[in-house]
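Visitor: Dumping the structure here so I can ask a few things about it.
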Amino acid sequence: WATWCPFCKQDFENVKNVYPKYKDKVDFLAVDLDSTETEVDIKSYQQKNGYNWQFATGNIDILQKYKIISTTSKFAITPQQKITYLHAGVISSSDWDSLFQSMIS
């Protein structure tokens, strides 16, 4: 994601509707892929929009390891570091709900 990405904002608004019900069961981390954005930029964006999950700055190693080329890339990763879901693009609140549900099943 990136603070300037309108698709990311749309995706995060969908997450915002669903994640509170899973926050004690699923760790959700949004990794910024724009290396010019600082922790202050990210924290400001998070607070301004009322997002209550974890945000982090990305780095080239993470982007290369996961072959990130899109701001709306999503991965579900098990505690054993197995990728169980991969998607790029905005998904609906109901799809986020299904994804989070599958992660606790």
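Visitor: So in segment 58-82, with the set limited to residues that are open to solvent by 80 Å² or more (accessible area, probe 1.4 Å) and of a type in the set (A, V, I, L, M, F, W, C), which one is modelled with the lowest pLDDT? Give the steps one after another, and end with the answer.
Guide: Quick first cut of segment 58-82, residues open to solvent by 80 Å² or more (accessible area, probe 1.4 Å) only: 60-61, 64-65, 67, 69, 79-82.
If we keep only those that are of a type in the set (A, V, I, L, M, F, W, C) too, we end up with 60, 69.
Working: Ile60: 81, Ile69: 76.
Applying the filter and picking the extreme gives Ile69.
Visitor: When you check Val26 against the structure, is it surrounded by 15 or more Cβ atoms within 10 Å (Cβ to Cβ), of a type in the set (A, V, I, L, M) and closer than 14 Å to Trp1 by Cβ, yes or no?
Guide: no
Visitor: So, in segment 29-54, of the ones that are of a type in the set (A, V, I, L, M, F, W, C) and open to solvent by less than 30 Å² (accessible area, probe 1.4 Å), which residue ends up farthest from Ile69 (Cα to Cα)? Let's see the steps before the verdict.
Guide: Residues of segment 29-54 that are of a type in the set (A, V, I, L, M, F, W, C), as a first pass: 29-31, 33, 40, 42, 53.
Imposing the further condition that a residue be open to solvent by less than 30 Å² (accessible area, probe 1.4 Å) reduces the set to 30, 42, 53.
Values: Ala30: 15, Ile42: 19, Trp53: 23 Å.
So, considering only residues that are of a type in the set (A, V, I, L, M, F, W, C) and open to solvent by less than 30 Å² (accessible area, probe 1.4 Å), the one farthest from Ile69 (Cα to Cα) is Trp53.
Visitor: Return the residues of segment 8-45 that are of a type in the set (Phe, Trp, Tyr), part of a helix (DSSP H, G or I) and under 12 Å from the mean Cα position of the chain (by Cα); say none if nothing qualifies.
Guide: Phe12, Tyr19
Visitor: Now for a different question. So the check is Cβ under 6 Å with 6+ separation or different chains; which pairs have a first residue in segment 41-66 that's farther than 20 Å from Asn14 by Cβ and in contact (Cβ under 8 Å) with a residue 12 or more places away in the chain and a second one that's charged (D, E, K, R) and open to solvent by less than 80 Å² (accessible area, probe 1.4 Å)?
Guide: From residues that are farther than 20 Å from Asn14 by Cβ and in contact (Cβ under 8 Å) with a residue 12 or more places away in the chain, the pairs are Thr57/Asp32; Gly58/Asp32.
The values are calculated or read from the model by the stated rules, or taken from the named source; none is laboratory data. Bear in mind that the values here come from a model prediction, so they are computed numbers and not experimental data. Positions of Cβ are backbone-derived with ideal geometry, glycine not excepted, and every protein chain shown enters the neighbour counts. For accessibility, only protein heavy atoms count, side chains too; no ligands or nucleic acids. Shrake-Rupley method; radii C 1.70, N 1.55, O 1.52, S 1.80 Å.
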